[in-house]
Amino acid sequence: MGIVERLVPDELWELFQRVVPEVPARPQGGGRRRYGDREVLAAIIFVATTGCTWRQLPPSFGPSGPTAHRRFSEWSKARVWAKLHRVVLDDLGARGELDWTRCAIDSVNMRALKGGPLTGPNPVDRGKKGSKIHLITDRTGLPLSIGISGANTHDSQALIPLVKGISPIRSRRGRRRRRPEKLHGDKGYDYAHLRRWLRGRGITHRIARKGVETSHRLGRHRWVIERTMAWLAGCRRLHRRYERKADHFLAFTSIACTLICYRRLTRRCAASVS
């Protein structure tokens, strides 16, 4: 098995083909041969998982670093990565692998080395410029909704956009779902207007209260999202923010979440086959 097939297995390639845009035609003809989408996708995943620069891509992939980056920019502009994440979630939901009974919300900070939009002084990193990844996961830790902001953005400001950002996902029975039954959060989300908003949408809130509850009790259910944050660290491109463009940084975050969900999908498929 070559490196391309190892990074982009047949199952992932079939899912990607559902969302990738059609190859633009050249009305004048001629020109250099366009590298295959599968080889370019493997190069992008290699950059995301290893954290190398585009120009450090091994020649075994075929496309050069600038070519892979150019295709990455095109696909990011077309929101391919968000669509791919949703396709994988749909397959998981159709198999009954998503547990909506108890979801969790949290965020993680990282330093932005090159600045750019959606960065800000990090209050926990001596005011250095940084960004923040916001995340909602299901009961087992699978990412359902993601977002990015400046490091100085308060966590409470991301709750409503994240909940609204959950796409309608297929379920084994009945119509698509997009609302968790319960949502767990730490004391950063302890605001009355957020509790009212969640109740208005039929979501039971489990948010720690400042000066009343300790974080140890909430950790019995919120540890899954902490584990998901550790899984995101497996995508080394997210150890620091190297991208000046916010949509590129969000694209790498979507790729990492897609790979997390895809691993769960393939593991369940292998278990059912065996």
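Filter the range 1-16 down to the residues that are under 19 Å from the mean Cα position of the chain (by Cα) and either among the aliphatic types (A, V, I, L, M) or farther than 14 Å from T258 by Cβ (or both) and list them by number.
Residues satisfying the conditions are L7, V8, L12, L15.
Check D37 against each of (1) within 24 Å of E243 (Cα to Cα); (2) of a type outside the set (G, A, S); (3) at pLDDT 95 or above and name the one condition it does not meet.
If we test D37 against (1) within 24 Å of E243 (Cα to Cα); (2) of a type outside the set (G, A, S); (3) at pLDDT 95 or above, just (3) comes out false.
Please work out if T101 is surrounded by fewer than 21 Cβ atoms within 10 Å (Cβ to Cβ) and part of a helix (DSSP H, G or I).
On the way: surrounded by fewer than 21 Cβ atoms within 10 Å (Cβ to Cβ): yes; part of a helix (DSSP H, G or I): no.
So T101 does not fit the description; no.
Mind telling me which of the residues A233, A208 ends up being without any contact (Cβ under 8 Å) to a residue 24 or more places away in the chain and within 27 Å of H69 (Cα to Cα)?
A233
Would you pick out the residues in the range 155-169 that are open to solvent by 70 Å² or more (accessible area, probe 1.4 Å) and more than 18 Å from the chain's Cα centre (by Cα)?
Of everything in the range 155-169, just one residue is open to solvent by 70 Å² or more (accessible area, probe 1.4 Å) and more than 18 Å from the chain's Cα centre (by Cα), namely Q157.
Given (1) open to solvent by 50 Å² or more (accessible area, probe 1.4 Å); (2) out of contact with any Phe, Trp or Tyr (no Cβ under 7 Å at 6 or more places or on another chain); (3) under 18 Å from T253 (Cβ atoms), identify the lone condition not met by H69.
(2)
With (1) open to solvent by less than 50 Å² (accessible area, probe 1.4 Å); (2) under 18 Å from the mean Cα position of the chain (by Cα) as the list, and N109 as the residue in question, which single condition is left unmet?
Condition (1) is where N109 drops out.
Identify all residues within the range 119-154 that are over 24 Å from V224 (Cβ atoms) and either open to solvent by 50 Å² or more (accessible area, probe 1.4 Å) or not in a loop (DSSP other than H, G, I, E, B) (or both); write none if there are none.
Scanning the range 119-154 gives G120, P121, P123, R126, K128, K129, G130, G150, N152.
Could you identify the single residue in R34, R86, R38 that is more than 20 Å from S254 (Cβ to Cβ) and among the charged types (D, E, K, R)? Steps first, answer last, please.
Details: R86 fails: more than 20 Å from S254 (Cβ to Cβ); R38 fails: more than 20 Å from S254 (Cβ to Cβ).
The match here is R34.
Could you tell me whether P161 is modelled with pLDDT under 95 and out of contact with any Ser or Thr (no Cβ under 6 Å at 6 or more places or on another chain)?
In short, no.
Show the residue pairs meeting these rules: Cβ distance below 7 Å; 6+ apart or different chains; first residue within the range 77-94 and in contact (Cβ under 8 Å) with a residue 60 or more places away in the chain; second residue open to solvent by 20 Å² or more (accessible area, probe 1.4 Å) and of a type in the set (K, R).
V87/R18; D90/R170; G93/R170; A94/R170; A94/R172
Please work out which one of (1) open to solvent by 60 Å² or more (accessible area, probe 1.4 Å); (2) modelled with pLDDT of 90 or more is the condition I203 fails and give its number.
The number of the failed condition is (1).
So, of the residues in the range 170-197 that are assigned to a helix (DSSP H, G or I) and within 23 Å of the chain's Cα centre (by Cα), which turns out to be farthest from A151 (Cα to Cα)?
Per the stated criteria, the residue is Y189.
Which numbered condition trips up G116, out of (1) touching a helix residue (DSSP H, G or I) at 6+ places or on another chain (Cβ under 7 Å); (2) at pLDDT below 90; (3) open to solvent by 40 Å² or more (accessible area, probe 1.4 Å)?
Evaluating G116 over (1) touching a helix residue (DSSP H, G or I) at 6+ places or on another chain (Cβ under 7 Å); (2) at pLDDT below 90; (3) open to solvent by 40 Å² or more (accessible area, probe 1.4 Å) leaves (3) as the failure.
If a residue has to be open to solvent by 60 Å² or more (accessible area, probe 1.4 Å) and either closer than 15 Å to R33 by Cα or in a loop (DSSP other than H, G, I, E, B) (or both) to count, how many in the range 54-65 make the cut?
Let us first name the residues in the range 54-65 that are open to solvent by 60 Å² or more (accessible area, probe 1.4 Å), namely 55-56, 59-60.
Then drop every residue that is not either closer than 15 Å to R33 by Cα or in a loop (DSSP other than H, G, I, E, B) (or both), which leaves none.
Of the residues in the range 54-65, 0 are open to solvent by 60 Å² or more (accessible area, probe 1.4 Å) and either closer than 15 Å to R33 by Cα or in a loop (DSSP other than H, G, I, E, B) (or both).
Within the range 33-50, which residues are assigned to a loop (DSSP other than H, G, I, E, B) and surrounded by fewer than 16 Cβ atoms within 10 Å (Cβ to Cβ)?
First, the residues of the range 33-50 that are assigned to a loop (DSSP other than H, G, I, E, B): 33-36.
Of everything in the range 33-50, those that are assigned to a loop (DSSP other than H, G, I, E, B) and surrounded by fewer than 16 Cβ atoms within 10 Å (Cβ to Cβ) turn out to be R33, R34, G36.
I'd like the residue in the range 216-261 that is modelled with pLDDT under 90 and charged (D, E, K, R) and, out of all such residues, is surrounded by the fewest Cβ atoms within 10 Å (Cβ to Cβ).
Ranking the qualifying residues of the range 216-261, first place goes to R220.
Name the residue that is farthest from the chain's Cα centre (by Cα), counting only residues in the range 218-265 that are small (G, A, S) and part of a helix (DSSP H, G or I).
The qualifying residue farthest from the chain's Cα centre (by Cα) is G219.
The values are calculated or read from the model by the stated rules, or taken from the named source; none is laboratory data. Since the model is a prediction, treat every value here as computed from it, not as a measurement. Quick reminder, even Gly has a Cβ in these numbers, built from the backbone with ideal geometry, and neighbours come from all protein chains shown. Just the protein is used for accessible areas: all its heavy atoms, side chains included, with ligands, DNA and RNA removed. Shrake-Rupley method; radii C 1.70, N 1.55, O 1.52, S 1.80 Å.
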